[in-house]
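The values are calculated or read from the model by the stated rules, or taken from the named source; none is laboratory data. What you see is a predicted model, and the numbers here were worked out from it, not measured in a lab. Glycine gets a Cβ as well: all are built from the backbone with ideal geometry, and neighbour counts include every protein chain shown.
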Amino acid sequence: MHLLFGYSYKNIIARKLTSLFSMLGVALVVFVFAAVLMLSHGLEQTLVDTGSDDNVIVIRRASQTEVQSILPRDIANIVKADPAIAHDTAGAPIFTNEILVLINQPKRNSNEPSNVPVRGVTPMSLKVRPTVNIVEGRMWHEGTSEIIAGAKVAKTFQGCGLGETVRFGMRDWTVVGIFEAEGSGFESELWGDVNQLMDAFGRPVFSSLTMQLKAPGDFEAMKARLEQDPRLTVEVHREKEYYAEQARITTTFINILGTVISIVFSLGAIVGAMITMYTTVAHRTREIGTLRALGFTRSTVLLTFLAESVLMSFTGGVIGIFLASFLRFFEVSTTNWDTFAELAFSFEVSPSIIIGSLIFAVVMGIAGGFLPAVQASRLRIVDALRAKG
Amino acid sequence: MAETLVKLEDVSKSYWRDSIEIPVLHHINLEILTGEFVALMGPSGSGKTTLLNLIAGIDRPSQGRVIFEHEDLSTLSEGDLARWRSRHIGFVFQFYNLMPVLTAFENVELPLLLTKLSRAERHKQVETALAIVGLADRMKHYPNQLSGGQEQRVAIARAIVTDPDLILADEPTGDLDKQSAEEIMDLLAQLNKDFGKTITMVTHDPRAAEHARVIHRLDKGELETA
Amino acid sequence: MKLLKLIFRNTGRHKLRSSLTILGLAIAVMAFSVIRYSIDAWYSGVAASSPNRLITRNAISIIFTLPLSYRDKIARIDGVTGVSWAQWFGGIYVDAKNFFPQIAVDKDTFFDMYPEYIVPTDEMKAFLSERNAALVGRKLADRFGWSVGDPIRLTGTIYPGEWDFVIRGIYTGAKETTDETQWFFRYDYLDERMRKETPVRAGQVGWFIIWINDPSQAAIISEKIDRLFDNSMAETKTETEEAFNLSFVSMASSIIIGLRIISILVIGIILLVLANTMAMTARERVPEYAVMKTLGFRPVHIVGLIFGESLFIAILGGLLGIVITLFPVMPLVRTALGHFFPTFPLSVVTLILGMSSAIVVGFLAAVFPTFKAVKTPIVDGLRVID
């Protein structure tokens, strides 16, 4: 078997051009396949990172997203008193009531408008979300029309860079700081003083309440307590699960589209591999006869040709993944259909994507090589020996 | 006295294989007269096919000149050489080299596609050529439906259909059984005698060479005329 | 071209290989057409826009509402001949996956603004006489198997609670591009309940639809409307319906760019497949090309043979691709993606593009083998027996 593997390898080298074309075909398919998986993984990762395991988010029942949720102050006060909420050293509950709205703002490169989420926050918001770090400038001062911008919004949208101003709600808002949040969804938001924003938007209600638990295990009890409280009409979610759900439509869309495209593309690559392998078999008919006359079995011949096809597609797969890995340096910014807000994220690789793509490549090799290999193994020795070439 | 059709002046040829020079022909001087039937004989590797290729203008000498009817072939470009071949040369290969996808008729017609002849004129010439080689009844057959001898006769028809000045044949009987070989040689001899065709043939078969009127022997790239 | 016969016969020489290549090409042309077609579908809402309609929404973003009282002020502006309004409802039918647009509309004026929604007279009468009546599109009704008279309950997301409706009519589109996937219900039904439950949200609308008789005045009228509400609590942004729809499409521009890139990559893959076939073909025919050159054929003839064969395969593949796109694939795509995209216009341009890319591929695939075939010296070509 070892000897025959070497034989396959040498045959691939001997037909450089043809082997190269089939390999590149597989590489291109694997590239697209991996790119789509990386895209939806990147999107999920960004949202999963947005939430924290220790945090709980409360929104109005059946509202699905923060933007659609409305929570009056009296409800906020009831929730804030829940015993499961952690307190800081000063004895204040680690709890923040926020408002989230969308503003229509043009992008820097295309001048086309898209929806930027604006979050009205409290000083406690930074304690609830320790991943948020101001990297340039400073925090806004309470009671002013100052905002801080997530690093990705600052880059993508007009007026959102440090020192620039954005106009909405009859006011000009000055960006006094830029923050990062480990690549999470918060980097796609603008943050201002919740009271100022509620005034400006004429919306005296909160969108969501986020708080830290004393212990993550307290969640179920707290959820039952709040959701069954007759004074409240709320939903209680673990923050991580809530944000992970915020791209369901978008990831489903990317995954369906990606799967369909990958399947169609792979048909092309399989046809390419088949053509190459059929021709290889045709050219080597006499060689096959010789191998069989030397005592190699039909199954060995079949495996040899299959191995040749798989070796080619596997190499193509490696090339495809290698190329796709460079996509990590690209950032995608698009509307998340679940929230209707612009969200920036990048392509992310994971071990399962690499393994999945390689398996996909090998499957293409087997699919493309199987019929030709069967044909090779079925040749009658006497006929094969008499063949031309 | 017949005129000189082809003249080789001090022709040498070497090939390069991985920067090693392999000399094939040494200072060959040769004249082929109009109407001659020449056989080039010699063992394998003696350079006889190379010599034939030089005369056919499908290869160029490393040194010396090949002159065809006062025209130095080395002065012609590749395109001009191709046009020159289509007018003056008919070539017969050892392995016939017919287009497998074309019928006998279409194979013979192939070189005529390079001329300005009308469709009707082409058909007349193809039919004549096939009649000369005795295959008028096999026109619609594909090469794989013909025997080796028949295939070679189609190839000869293809070589004569343009009425060339010189027919070159490379081991025309090399792939044939004895009887077919005999028929092919008779056909070539007849073309020479009855139609006045000048023929130069490479062979290592002494029986084939008997049909020729002049025999040149090549050995290790040197020419000795018998 | 006298060599045409040779080209056709050569193509038929390796039937399996040629058929596989043609099949590969057909799949690629089909994929290319379907991707282009999906891009067109994104823009279908834009194509359905009328130049006579302007849309006024809150300047901050579409999630903010406008007071209904703006209606009278807008109606007084010169050139405005009709005003209607609507509000996005965003309810859930059984499960969030069953998404479809639900829009609260003014029962008296909305359908005058949209003559392309055709409602039978008696069904319109029923809609007008019953507060919780709904009018649904033909495709939407087919999707869930609804018929007139069915009671339907939706769960509000923006407007809390359970909402009960009765389907009183099914509208159809006047044009191919008309969206038949929407659910319309009466604004007064929504507003009445808001007035009772959360009075601050009553009297608010999502957007106004403004009819103008002279589309050339669109920019001036939009400007006048927005000027009216400058420095008020709810500033407005007015644009043509086309621009309004386009702004939704442009939000997905990254996805559209991605699709365009993919549609080019699919052509790249098939280029590799065809180039592979042509490389193998040319390689096998090296001795034949040498024979033809010996017979006096020039490089131009050999080039013609290779290009001819490549183009011939490409054209057959392209045609087959168009056939499979039109027949089995399109209806499938329509059923699979029908509720993602309201309408599906298939443009001839898409098919022409698919066909021309096949031809370009046929051309490119021949380039490399041609170089090799032309450059191989005759003597070397004759020696190869493979």
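Provide a single number: the residues in the range C:52-95 that are of a type in the set (F, W, Y) and more than 21 Å from C:R195 (Cα to Cα). Total satisfying the criteria: 1.
Annotation: of all residues in the range B:164-199 being more than 13 Å from the chain's Cα centre (by Cα) and charged (D, E, K, R), the one that is surrounded by the most Cβ atoms within 10 Å (Cβ to Cβ) is B:E183.
Within the range A:38-62, take every residue that is closer than 30 Å to A:I354 by Cβ and out of contact with any helix residue (DSSP H, G or I) (no Cβ under 7 Å at 6 or more places or on another chain) and give me the one that is modelled with the highest pLDDT. Residue satisfying both the conditions and the ranking: A:G42.
A:L126 meets all of the listed conditions (1) more than 11 Å from chain C (Cβ to nearest Cβ); (2) free of Cβ contacts under 8 Å to residues at least 24 places away in the same chain; (3) part of a loop (DSSP other than H, G, I, E, B) but one, namely (3).
Out of the range B:81-93, which residues are within 7 Å of chain C (Cβ to nearest Cβ) and part of a strand (DSSP E or B)? The answer is B:F91, and nothing else.
Which members of the range A:78-123 meet the condition of being outside any loop (DSSP other than H, G, I, E, B) and among the charged types (D, E, K, R)?
As a first pass, look at the range A:78-123 and keep what is outside any loop (DSSP other than H, G, I, E, B): A:78-80, A:85, A:87, A:93, A:95-107, A:113-121.
The answer is A:K80, A:E98, A:K107, A:R119.
Of all the residues in the range C:93-110, those that are among the hydrophobic types (A, V, I, L, M, F, W, C) and within 25 Å of the chain's Cα centre (by Cα) number 4.
Taking the range C:233-258 as the range and being facing chain A (nearest Cβ under 10 Å), farther than 22 Å from A:P117 by Cβ and buried (at least 18 other Cβ atoms within 10 Å of the Cβ) as the test, only C:G258 passes. When C:F99, C:F110 are checked against the criterion of being in the same structural domain as C:L228 (by TED's automatic domain parsing) and more than 25 Å from C:I225 (Cβ to Cβ), a single residue qualifies: C:F99. Given the conditions (1) away from chain A (no Cβ under 14 Å); (2) under 26 Å from C:E239 (Cβ atoms), and given that C:I158 satisfies all but one, which numbered condition is not satisfied? Unmet for C:I158, out of (1) away from chain A (no Cβ under 14 Å); (2) under 26 Å from C:E239 (Cβ atoms): (1). Among the residues of the range A:320-337, those identified as surrounded by 18 or more Cβ atoms within 10 Å (Cβ to Cβ) and in a helix (DSSP H, G or I) are A:G320, A:I321, A:A324, A:L327. Filtering the range C:87-96 for residues that are assigned to a helix (DSSP H, G or I), of a type in the set (V, I, T) and either in the same structural domain as C:A218 (by TED's automatic domain parsing) or buried (at least 17 other Cβ atoms within 10 Å of the Cβ) (or both) leaves an empty set.
Check the range B:202-217 and report whether any residue there is β-branched (V, I, T), closer than 19 Å to B:Q125 by Cα and either assigned to a helix (DSSP H, G or I) or out of contact with any Lys or Arg (no Cβ under 8 Å at 6 or more places or on another chain) (or both). No, that holds for no residue. Of everything in the range B:113-155, what is small (G, A, S) and in a helix (DSSP H, G or I)? Give them in sequence order. Passing the criteria: B:A120, B:A129, B:A131, B:A136, B:G148, B:G149, B:A155. Summed over the range B:24-80, the residues that are among the β-branched types (V, I, T), assigned to a loop (DSSP other than H, G, I, E, B) and within 14 Å of chain C (Cβ to nearest Cβ) give a count of 1. The range A:163-260 holds strands (runs of 3 or more DSSP E) entirely within its bounds, and those carrying 2 or more residues that are over 29 Å from the mean Cα position of the chain (by Cα) and within 13 Å of chain C (Cβ to nearest Cβ) map to A:165-168, A:171-180. A Cβ distance below 6 Å, combined with a sequence gap of six or more or placement on separate chains, defines the contacts here; from the range C:369-386, residues that are within 11 Å of C:P287 (Cβ to Cβ) reach residues that are at pLDDT 80 or above and charged (D, E, K, R) in the pairs C:I378/C:K293. Has the range C:26-43 got at least one residue that is assigned to a loop (DSSP other than H, G, I, E, B), more than 14 Å from chain B (Cβ to nearest Cβ) and in contact with a strand residue (DSSP E or B) (Cβ under 8 Å, 6 or more places away or on another chain)? Checked the range C:26-43: no residue is assigned to a loop (DSSP other than H, G, I, E, B), more than 14 Å from chain B (Cβ to nearest Cβ) and in contact with a strand residue (DSSP E or B) (Cβ under 8 Å, 6 or more places away or on another chain).
Which count do you get for residues in the range A:50-92 that are at the interface with another protein chain (Cβ under 10 Å from one of its Cβ atoms) and either over 24 Å from the mean Cα position of the chain (by Cα) or not hydroxyl-bearing (S, T, Y) (or both)?
Final tally of qualifying residues: 10.
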